[in-house]
Amino acid sequence: MVRIIDVAFYNLTIDNEKDTGLTALSKYGNTFTDFKTEECRITQWKTDGWRPVEDGISGGTTEGSFTLFWKNGTHYATNSGVKDGHYQTAYYSLKEAIANCKGGNLFGDIDCEIGEYAYCGNEINYHDDGSQLFISTDYPMMLMVAKAKDKLDDIKAEDFEMFLVPAKLGVNIDAGIWHCSPFAYYTNKQVNMYTRQGKVHSKVYYYPIEEEQCIFRFPIVKS
C-alpha cells in the first residue's frame, strides 16, 4: 500500500506577517529580490577518502530561464540553464503519479484520486557543488525542500516541507538541500522564472515510492 504524505505547507504571502514561513525557510537558504546581484554559492567538491580533491570549485555557474506549467493533468518544467533540463514532475491523478515513479510498477493498478491537489515523487535530488536560485517574474511558484536530520543521504519523506513563494521573491537554497523542480500553483498559469546554479550539475536522487512506499500530495488551484 502506498502512503500519501501531505507535505507541510507554508504560504509566504500570508505567513510573512507572522514570520513563520520565513523562519521555516531559513534553514534551507535565504530569500532575495534582486536576481542579478544574488550570489550562487559554489562549494568544494567533497571526498570521503584520504586523497585530497584538487580544485573542485572552478566549474563556475550556469543560469537560464525556468518555465512551469500544467497540461492535461501533468506538470512540466523546463530549465534552459542545464543539459536535459526537461521534467515531468507531478500529476493530478494518484494513479498516474505512481505509474511514473521509480518503483511504482510494484503496486499494480490503484484507484485514481483526483481533487484540488497534486501528487509527486520524481526528480527529488540534491547537488553538492553549490546553491541554486529560483525567482518567478509573474506568478507564484511552490518549492518543496528538505534537510536531512543526520546524514545527508538518510532523508525521510516526513522531512519535506513546501513553500508557496510569491512572484518577485526569490529563494536561494544551499548546497545539499533536497528538492525537486518548482511547481506552478495555478493550473491555468505558466510561471516564468530565472535560475542560477553550479555548472557541474551532478545529482544524488531519492525515490520515495521505491524506498519508503510513499508519495507526496500538495494543494494546487485548478481553474
Can you pull out every residue in region 153-181 that is touching a residue at least 40 places away in the same chain (Cβ under 8 Å) and closer than 24 Å to ASP48 by Cα?
ASP153, ILE155, LYS156, ILE173, ASP174, ALA175, GLY176, ILE177, TRP178, HIS179
Which of the residues that make up region 166-179 are touching a Gly at 6+ places or on another chain (Cβ under 9 Å) and crowded, with 19+ Cβ neighbours inside 10 Å?
VAL171, ASN172, ILE173, ALA175, ILE177
Qualifying position, being at pLDDT 90 or above and either of a type in the set (D, E, K, R) or more than 27 Å from LYS147 (Cα to Cα) (or both), among GLU113, GLU123, GLU63, GLU54:
GLU63
Taking region 214-223 on its own, how many of its residues are among the aliphatic types (A, V, I, L, M), surrounded by 18 or more Cβ atoms within 10 Å (Cβ to Cβ) and part of a strand (DSSP E or B)?
1
Restricting attention to region 185-205, and to residues there that are assigned to a loop (DSSP other than H, G, I, E, B) and of a type in the set (D, E, K, R), which single residue is surrounded by the fewest Cβ atoms within 10 Å (Cβ to Cβ)?
LYS203
In this structure, does GLU211 turn out to be acidic (Asp, Glu), modelled with pLDDT of 95 or more and not in a strand (DSSP E or B)?
no
Within region 41-54, does at least one residue satisfy the condition of being among the aliphatic types (A, V, I, L, M) and touching a Gly at 6+ places or on another chain (Cβ under 6 Å)?
yes
How many of the residues in region 65-105 are surrounded by fewer than 21 Cβ atoms within 10 Å (Cβ to Cβ) and within 15 Å of the chain's Cα centre (by Cα)?
8
Working carefully through the options ASP174, ASP153, ASP128, find the one that is among the charged types (D, E, K, R) and modelled with pLDDT of 95 or more.
ASP174
Looking at THR78, THR61, can you tell me which residue is over 16 Å from VAL200 (Cα atoms) and not basic (Lys, Arg)?
THR78
Number of the condition not met by LYS199 [criteria: (1) closer than 14 Å to LEU68 by Cβ; (2) of a type outside the set (Phe, Trp, Tyr); (3) at pLDDT below 95]
(1)
Which residue pairs have Cβ atoms under 6 Å apart, sit 6 or more places apart or on different chains, and have a first residue in region 1-14 that is in contact (Cβ under 8 Å) with a residue 40 or more places away in the chain and a second that is among the charged types (D, E, K, R)?
ILE4/ARG217; ASP6/ARG217; ALA8/GLU161
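The values are calculated or read from the model by the stated rules, or taken from the named source; none is laboratory data. Just so you know, these numbers come straight off a predicted model, no measurement behind them. Note: ideal-geometry Cβ built from the backbone for every residue, glycine included; neighbour counts use all protein chains shown.
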